[in-house]
Amino acid sequence: MIHRLTTRIVILGMMWLGLSLLKWESLSTQLFTQTLIFSAIVILGCLMEQIFNYQGDPYILPVVQAIMALGLVFIVRINPNVALHQFWWANIGQVLFYIVLWAMHDYRKLGRFRYLWGLLAVALLLVTLLFGAEEGGATSSFKFLGVGIQPEEFVKLALLLFMATYLEENEELLRVGTVQWGRFSLPDWRTLGPFMIMVAFILGILAAQKSLGTALVFYMLFVLMLYVVTERALYLGISFPILLLTGTVGYMLFGHVRVRVAVWMNPWLDPSGGGYQIAQSLFAISGGKILGTGLGNGIGATTVPVAISDFVFSVIAEELGFAGAMAVLVMFLIVVMRAFAVSLRAKDRFGQILAAGIGILLGTETLIILAGVTKLLPLTGIPLPWVSYGGSSLIVHFILLGLLLNISNATAVASHSTKNKGREYAT
């Protein structure tokens, strides 16, 4: 208990220190209040772990809270007015996380609604396509009661649950196959059909929305979860040509995709126009060197467009340097690797697949967005989990975190009960 509480106090201390370095007295009273609420939720949550005897993974939540604290400091650094909303969503997200962790007594019940999750994912994307507003070339959000919502984020949750239930039910048929195609055996249409139809619907709607960054994340999620469960490299071999083909079609059909690819290939052809965003990002990252310019001393927060969402990592790399950027990467790596550890330890197949899917999603999102801001891949416009500004992203990723730790806690409780029974029988 003392160790847990000490860890949380250290994380909160670093957050308050960072905010104090940003001239805290110039920030609003509302922001100060929300920061106090955030700190109270972290401490109370730590006490709840003791009260409810949490036995799951001890590292994931503190690391995520450290990532969250760092993200909040830099959102305040970039735009204090926007940061107030980010604190609201962070506090709501933490409450939802604890509700999912403690109120959900059996996560396996979620597996009963396979087609419902799939239909929900399609419905959310259709609503966005029909009623959403265009932003950055893609129709990815709409307003509900005056609040901006990005349904794509909630689709991630629905798709994960659909994939976990589908793969659990059809694992053996997908692994072995029932139809022979030359040297390869593939599943029949009855087995593979629902999966293919869901993939076609989701990617087709995203293509219609021109939300190709999210389409790439979903496609990677589909393929990697299928590979992890079946362990068949054949699926990877089939998926790669399809990715190249669809990417080429998207390049030819959508002008903003051609612009992003051209900027990615050589932003210096138009550094004050189309290439301005990525050029400023690279300037900010390179200006940080090893130890950074110091919190509040960089220029990227004002020169890099959309720094609070797409390019917050560039500001972090500039002001905390290579050391700070690597620390962020290591923290994300810890969360992803621990998610896979939860998957390996889970006692039921649904929990194993769902935990692995959460790890794959987090790793894929992080890799794609960081590759975009460093010019390793074209820009996609997806948020960095728990760091970038965005209420929908924060809410969904806290729910996913709650599911992951619910699986971890249930596994630990089951193992503990089995050991106790073993001792009773031995006695």
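See the values below:
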read-out: Which numbered condition Y98 misses (of (1) assigned to a helix (DSSP H, G or I); (2) open to solvent by less than 50 Å² (accessible area, probe 1.4 Å); (3) modelled with pLDDT under 90); value: (3)
read-out: Residue ID - least open to solvent (accessible area, probe 1.4 Å), chosen from residues in the range 268-293 that are touching a residue at least 40 places away in the same chain (Cβ under 8 Å) and not polar (S, T, N, Q); value: I278
read-out: Meets criteria (modelled with pLDDT of 80 or more and of a type in the set (A, V, I, L, M)) for L145; value: no
read-out: Of residues in the range 154-191 being among the small types (G, A, S) and under 31 Å from the mean Cα position of the chain (by Cα), the one surrounded by the fewest Cβ atoms within 10 Å (Cβ to Cβ); value: A158
read-out: Hits in the range 174-192 - residues which are assigned to a helix (DSSP H, G or I) and out of contact with any Lys or Arg (no Cβ under 9 Å at 6 or more places or on another chain); value: V176, W189, R190, T191, L192
read-out: Counted residues, the range 67-83 - those being open to solvent by 20 Å² or more (accessible area, probe 1.4 Å) and part of a helix (DSSP H, G or I); value: 6
read-out: All positions within the range 210-262 that are at pLDDT below 80, open to solvent by 40 Å² or more (accessible area, probe 1.4 Å), touching a helix residue (DSSP H, G or I) at 6+ places or on another chain (Cβ under 8 Å) and among the β-branched types (V, I, T); value: T246
read-out: Where R349 falls short, out of the listed (1) over 16 Å from V64 (Cα atoms); (2) crowded, with 21+ Cβ neighbours inside 10 Å; value: (2)
read-out: Sole exception among (1) open to solvent by 60 Å² or more (accessible area, probe 1.4 Å); (2) over 15 Å from S388 (Cβ atoms) for V306, by number; value: (2)
read-out: Of residues in the range 30-56 being in contact with a Leu (Cβ under 7 Å, 6 or more places away or on another chain) and more than 20 Å from I9 (Cβ to Cβ), the one most open to solvent (accessible area, probe 1.4 Å); value: Q30
read-out: Lone qualifier among A301, A341 - being under 30 Å from L84 (Cβ atoms) and not basic (K, R); value: A301
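The values are calculated or read from the model by the stated rules, or taken from the named source; none is laboratory data. Keep in mind that this is a model prediction, so the values were computed, not measured. Cβ coordinates were reconstructed from backbone atoms using ideal geometry, including for glycine residues, and neighbour counts include every protein chain displayed. Surface accessibility is based on the protein's heavy atoms, side chains included, excluding ligands, DNA and RNA. Shrake-Rupley method; radii C 1.70, N 1.55, O 1.52, S 1.80 Å.
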